[in-house]
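The values are calculated or read from the model by the stated rules, or taken from the named source; none is laboratory data. Please read all numbers here as calculations on a predicted model, not as lab measurements. So basically every Cβ, Gly included, is an ideal-geometry build from the backbone, and we count neighbours across all protein chains shown.
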Amino acid sequence: MKVPISVATAEDIPALVALRTAVANDMTRRFGEGDWSTVPGEALVERQLRASRVLVARRGGELVGTVRVTTALQWAFDASCFTPAKTALYVLGLAVSPHARGEGIGQQLMETAKQTAHSWPADAVWLDAYDHAAGAGAFYVRCGFREVARTRSGPVPLIYYEWLPR
C-alpha cells in the first residue's frame, strides 16, 4: 500500500524523534547494543532538517518512516571507491516504524530519494550500511544500489553502496 511521502517540517520534529527512538530501541532489542542504538534529541533532528532534505512517510496522521538526503561532502571522507560524480547525494537515516516494517514503506522512501537525484540534479546517490546483521545491505541491493566497497568508520564496519541515475 502506497503512503504519501513529503518533506518534513519543524512541526514533524517530535514525531521524528519518537520514530527514530522506537526504531533504535527495536534494533537494540533485536541486535544488541551498537551504533544503531543511538537515540536522537530534538536539537539534532532540527539541525538535520536545516542541513538535509528529510523525507517522511505518513499513514493516516502517523509518521511511519523517514530518510534524509543531502549533498555528499566528497572531501569529508574517502570517496575514491565511488564512481566519480560532479554532484553526489548521500542517503542517511532510513527508519521505518517497527509496526510498519514489511509494508514497502522503506522501498517507497528509497525510490523517492532516488527520484530526488533527478530533480537536484545529481550524478550519483551514495549511502553506507552497517556490515552487520543490523545493516540493511541486502535491502539496498533490492532497491537498485550496488556495493562498491567495505570500510570502517572508527570501529564500525561499513559497506558503501551507490546508485547512478540514468
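Take the residues in the stretch 2-50 that are among the basic types (Lys, Arg) and loosely packed, with under 13 Cβ neighbours inside 10 Å; name whichever of them is nearest to residue 69 (Cα to Cα). Filtering the stretch 2-50 for residues that are among the basic types (Lys, Arg) and loosely packed, with under 13 Cβ neighbours inside 10 Å, the one nearest to residue 69 (Cα to Cα) comes out as 50.
Remark: residue 63 matches the filter, which requires a residue to be closer than 25 Å to residue 2 by Cα and either without any contact (Cβ under 8 Å) to a residue 24 or more places away in the chain or touching a helix residue (DSSP H, G or I) at 6+ places or on another chain (Cβ under 8 Å) (or both). Scan the stretch 113-166 for residues that are of a type in the set (S, T, N, Q), within 27 Å of residue 7 (Cα to Cα) and out of contact with any strand residue (DSSP E or B) (no Cβ under 6 Å at 6 or more places or on another chain) and jot them down. Within the stretch 113-166, 115, 119 meet the criteria. Taking residues in the stretch 143-166 that are over 16 Å from residue 94 (Cβ atoms), and partners anywhere that are assigned to a strand (DSSP E or B), the pairs with Cβ atoms closer than 6 Å and at least 6 places apart or on different chains are 147/159; 147/161; 148/160; 148/162; 149/160; 150/159; 151/158; 164/124. Scanning the stretch 24-60 for residues being under 18 Å from residue 104 (Cα atoms) and free of Cβ contacts under 8 Å to residues at least 12 places away in the same chain gives a total of 1. Scanning the stretch 71-86 for residues that are touching an Asp or Glu at 6+ places or on another chain (Cβ under 9 Å) and aliphatic (A, V, I, L, M) yields a total of 1. Here the condition is being in contact (Cβ under 8 Å) with a residue 40 or more places away in the chain, surrounded by fewer than 16 Cβ atoms within 10 Å (Cβ to Cβ) and either in a loop (DSSP other than H, G, I, E, B) or out of contact with any helix residue (DSSP H, G or I) (no Cβ under 6 Å at 6 or more places or on another chain) (or both); of 133, 138, 117, 113, it holds for 133 alone.
Residues considered: 65, 93, 60. Of these, the only one that is over 22 Å from residue 141 (Cα atoms) and either at pLDDT below 95 or not polar (S, T, N, Q) (or both) is 60. Of the residues that sit in the stretch 83-96 and are in contact with a strand residue (DSSP E or B) (Cβ under 6 Å, 6 or more places away or on another chain) and either charged (D, E, K, R) or surrounded by 21 or more Cβ atoms within 10 Å (Cβ to Cβ) (or both), which one is farthest from residue 44 (Cα to Cα)? That would be 88.
Residue-by-condition table, conditions (1) in a helix (DSSP H, G or I); (2) under 15 Å from residue 99 (Cβ atoms):
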| site | (1), (2) |
| --- | --- |
| 26 | yes, yes |
| 29 | yes, yes |
| 45 | yes, no |
| 49 | yes, no |
| 63 | no, yes |
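Within the option set 46, 33, being farther than 23 Å from residue 119 by Cβ, among the acidic types (Asp, Glu) and touching a helix residue (DSSP H, G or I) at 6+ places or on another chain (Cβ under 8 Å) holds for one residue only, 46.
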